[in-house]
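Single-structure report; data block below.
The values are calculated or read from the model by the stated rules, or taken from the named source; none is laboratory data. For clarity, every value in this text was computed on a predicted model and none was experimentally measured. With ideal geometry, Cβ positions are generated from the backbone for all residues, glycine too; neighbour counts draw on all protein chains shown.
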Amino acid sequence: MIPEIIHQIWSGKDGPLPDLLKEWGQSWIKYHPGWKYELWDSGRINSFIHECFPEYVDVYNQFPYDIQRWDAIRYLILWKTGGMYVDFDYECLEPLGDILRGKECCFSMEPETHIHPESKEASRNFNNALMACSPNHPFIMEIIKEVFSGKDPGYPASDKFHYVLSTTGPIVLMNTYEKYDHKDDIYLIPAELVSPLGVKEIRLLASGVKNQYFEYFEEKIKRAKAIHYFWGSWKQ
């Protein structure tokens with residue numbers, strides 16, 4: 001059973017949470033009024049990993065990029081407490097309770113246009129921006145083992161995008177899933193429900209042409225319970 005807890009991370013290292021991200025964060029509280037809300041900043045994260053996962057502290061601190069730490073800590077939080085983790089560039093439109101009910105481990109799929117070259121199968125094209133699981137779920141532990149293994153990702157750290165995706169991000173998730181023997185225990189939430197728009201469509205929407213393509217966007221999001229805006233500030 002997935003606990004009714006929402007986890008979000010904003011370290012505070014880059015300043016206060018921008019108003020737009022704060023608004024999107026509040027949307028999850030709005031549509032899940034009975035759920036506990038947990039905001040994780042740097043101080044709380046550091047205390048958590050030292051108290052609960054001291055064996056991972058050295059590797060955690062040695063990651064060259066902060067985004068790797070924010071990726072890694074979300075897996076540790078979910079393994080320890082369970083609940084739903086969601087990035088701040090995600091807006092909730094409707095409650096997700098019905099989707100998660102009866103599930104033990106869930107991940108949000110991405111639009112087919114986002115299929116990673118390293119992972120050709122659309123059926124496993126998912127990410128770590130929205131995840132939910134019960135505490136101590138074995139698949140989450142498999143991800144943790146991979147993330148903290150210190151394996152060579154095949155990319156130099158200077159290639160930030162591919163390095164991050166292959167060490168702590170979606171490529172790790174998908175590769176771990178591919179090797180996992182109990183795939184039936186994992187529910188991949190269809191993109192039309194939680195990620196109906198691709199990056200190019202989000203950019204088009206942000207350019208101010210919504211009225212011109214109103215029917216197109218209405219059709220794309222008609223079943224959506226959430227929208228991922230792929231803010232991707234870590235890539236800059």
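Tabulated data
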item	result
Some residue of the range 177-198 being modelled with pLDDT of 85 or more, closer than 25 Å to Ile49 by Cβ and assigned to a helix (DSSP H, G or I)	yes
Matching option when the condition is touching a helix residue (DSSP H, G or I) at 6+ places or on another chain (Cβ under 7 Å), assigned to a helix (DSSP H, G or I) and either surrounded by fewer than 15 Cβ atoms within 10 Å (Cβ to Cβ) or modelled with pLDDT of 95 or more (or both), among Ile2, Ile6, Ile45, Ile29	Ile45
Residues of the range 78-94 that turn out to be of a type in the set (Ser, Thr, Tyr) and in a strand (DSSP E or B), as a count	2
Residue tally, condition in contact with a Leu (Cβ under 8 Å, 6 or more places away or on another chain) and outside any helix (DSSP H, G or I), over the range 136-146	1
Answer from Tyr56, Tyr75 - the residue that is over 30 Å from Pro18 (Cα atoms), touching a residue at least 24 places away in the same chain (Cβ under 8 Å) and part of a helix (DSSP H, G or I)	Tyr56
Criterion: free of Cβ contacts under 8 Å to residues at least 24 places away in the same chain and either among the polar types (S, T, N, Q) or part of a helix (DSSP H, G or I) (or both) - qualifying residue of Ser149, Ser166, Ser108	Ser149
Residue selected from the range 137-184 under the condition farther than 13 Å from Tyr75 by Cβ and aromatic (Phe, Trp, Tyr), by the criterion surrounded by the fewest Cβ atoms within 10 Å (Cβ to Cβ)	Phe161
